[in-house]
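K.L.:
Provided herewith is a single structure, encoded as structure tokens, for subsequent inquiry.
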Amino acid sequence: MDDIEVPQYFICPISLQIMKDPVTTITGITYDRESIEHWLFQSKNITCPATKQPLPKDSELTPNHTLRRLIQAWCTDNASYGIDRIPTPKPPLNKAQVLKLLKDLWHPQLQLNIIRKLEFLAVENEGNRKYMVEAGVAKAMLLFIKNICYKNGQVDGLEEALSILHFVRISSEELNRLFMENDQIINSLTWVFGCETENQIAVSTHAVLVLKYIIQKANSTVLETLDRNFFKKLVGILRNGVTQQGVNAALHVMLDACPWGRNRIKMVEAGAVYELIELEFCAPEKRTTELIFGILFHLCSCADGRAQFISHKGGISVVSKRLLRVSPTTNDRAVLILSMVSKYSGTNSVLQEMLEVGAVPKLCTLLQVDCAPYLKDKAREILKSHYEEWKNCPCLGMSLYPR
């Protein structure tokens, strides 16, 4: 291949490889279908890569059959150089074909085959996913999980439906209309966590990723009406284990639900504080720690949440240890957690524990390092408020009253 010169017009301007399925855009430039579809649909660009002219993602991509035949003939002529002939591409998927598949989906005898066909198409390429979005595949998959799997306790097709939802997303408008008509969509997804399937961890991970996307797109009414069982299932995910991606998705869902006071109470009642602290003891990645501390900050804003926090022997300790060791975001949440605990739940035993596990020295160190001024002010406020209890700590006087 290195010894033969490839005609320049056989080369895709994006991938710089020989085109397998050349298509011409409305700007007159030809690209390989896979490359230009990825450019438009995945990377969400709206201009032609070569000309920089506007190129809407719904614009036509016209197959360049003449160029494709030339490329195939050239490959055949140069087979002795190790060049494989590119196969004739199959006709691209269109919306009508997807709608036909969705119509057949509700025939019991065809369901499993249709679901598997849709999954194959979703994985195959960006162009397929575009038409699947337009045809309402995501809505159909959510209804399949709710009406077929959840209601009948059926797991056949469940893994494939969740996989499709990972690739084909539903719009906010369509999702909220769906919620108005179906109040069991979220319950059907959390039901998945307890299903016994062959690939349990993968299935649960896909389910929580779909749940994360849905919660982010849902309106406030949906978030306000999440029930206790919802949070019990989420906490169970943290306890029983999924992939790291799944853990972070579950934490995202919890954090998105935190602004509502009733949700915080339900999380506390579900045992979230204990599980979050235990999860943090496993020394997770930076982003996981930031999510955990974000949730703990919200949960410590209520009395029951603080009570659970201080009842865990490692709560104050792990927050103190992470302070100044992870990220500015973690520093912010850690200081605010320690502030709420010391201010509203600062019994003698709690203040003594803060001293023993190193929280007080860490707050003193915070005053000496380069960090946000408001954090220094908050640390100074904590230290001054409990000076009498901590005055024997060697670092305290020097930090608060430097010479």
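K.L.:
Regarding the range 364-381, can at least one residue be identified that is within 23 Å of Glu280 (Cα to Cα), open to solvent by 20 Å² or more (accessible area, probe 1.4 Å) and at pLDDT below 95?
P.N.:
Yes; the residues of the range 364-381 include at least one that is within 23 Å of Glu280 (Cα to Cα), open to solvent by 20 Å² or more (accessible area, probe 1.4 Å) and at pLDDT below 95.
K.L.:
Mind listing just one residue for me: the one in the range 50-99 that is under 33 Å from the mean Cα position of the chain (by Cα), of a type in the set (D, E, K, R) and in the same structural domain as Val23 (by the TED database) and, of those, surrounded by the fewest Cβ atoms within 10 Å (Cβ to Cβ)?
P.N.:
Asp58
K.L.:
Confirm whether Leu16 is farther than 26 Å from Glu134 by Cα and in contact (Cβ under 8 Å) with a residue 40 or more places away in the chain.
P.N.:
The answer is no for Leu16.
K.L.:
Oh, and also: Only residues that are surrounded by fewer than 21 Cβ atoms within 10 Å (Cβ to Cβ) and among the small types (Gly, Ala, Ser): list them for the range 251-264, please.
P.N.:
Within the range 251-264, just Gly261 meets the criteria.
K.L.:
Identify the single condition in (1) of a type outside the set (Lys, Arg); (2) assigned to a helix (DSSP H, G or I); (3) in contact with a helix residue (DSSP H, G or I) (Cβ under 6 Å, 6 or more places away or on another chain) that Ile214 does not satisfy, given that it satisfies every other one.
P.N.:
Just one mismatch for Ile214, condition (3).
K.L.:
Quick one: Gly153 ticks every box in (1) open to solvent by 30 Å² or more (accessible area, probe 1.4 Å); (2) among the small types (Gly, Ala, Ser); (3) within 20 Å of Leu118 (Cβ to Cβ) bar one, so which box is it?
P.N.:
(3)
K.L.:
A further question follows. Looking at the range 29-49 only, could you name the residues that are closer than 21 Å to Pro89 by Cα, without any contact (Cβ under 8 Å) to a residue 24 or more places away in the chain and open to solvent by 40 Å² or more (accessible area, probe 1.4 Å)?
P.N.:
Ile29
K.L.:
While we're here: If you scan the range 124-150, which residues turn out to be more than 18 Å from Ile170 (Cβ to Cβ) and either without any contact (Cβ under 8 Å) to a residue 24 or more places away in the chain or surrounded by fewer than 20 Cβ atoms within 10 Å (Cβ to Cβ) (or both)?
P.N.:
Hits for the range 124-150 are Glu124, Asn125.
So that you can scan it fast, the table gives a plain yes or no per residue for (1) in a helix (DSSP H, G or I); (2) open to solvent by 10 Å² or more (accessible area, probe 1.4 Å); (3) within 25 Å of Phe167 (Cβ to Cβ); (4) touching a Ser or Thr at 6+ places or on another chain (Cβ under 9 Å):
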residue: Ala207; (1), (2), (3), (4): yes, no, yes, yes
residue: Thr221; (1), (2), (3), (4): yes, yes, no, no
residue: Asn229; (1), (2), (3), (4): yes, yes, no, yes
residue: Leu234; (1), (2), (3), (4): yes, no, yes, yes
residue: Ala249; (1), (2), (3), (4): yes, no, yes, yes
residue: Lys266; (1), (2), (3), (4): yes, yes, no, no
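K.L.:
Any chance you could count how many residues in the range 320-357 are assigned to a loop (DSSP other than H, G, I, E, B), touching a residue at least 24 places away in the same chain (Cβ under 8 Å) and under 17 Å from Glu280 (Cα atoms)?
P.N.:
Total satisfying the criteria: 5.
The values are calculated or read from the model by the stated rules, or taken from the named source; none is laboratory data. As the structure is a computational prediction, the values presented were derived from the model and not from experiment. Neighbour counts run over all protein chains shown; Cβ positions are idealised from the backbone, glycine included. Ligands, DNA and RNA are excluded from the accessible area calculation, which covers all protein heavy atoms including side chains. Shrake-Rupley method; radii C 1.70, N 1.55, O 1.52, S 1.80 Å.
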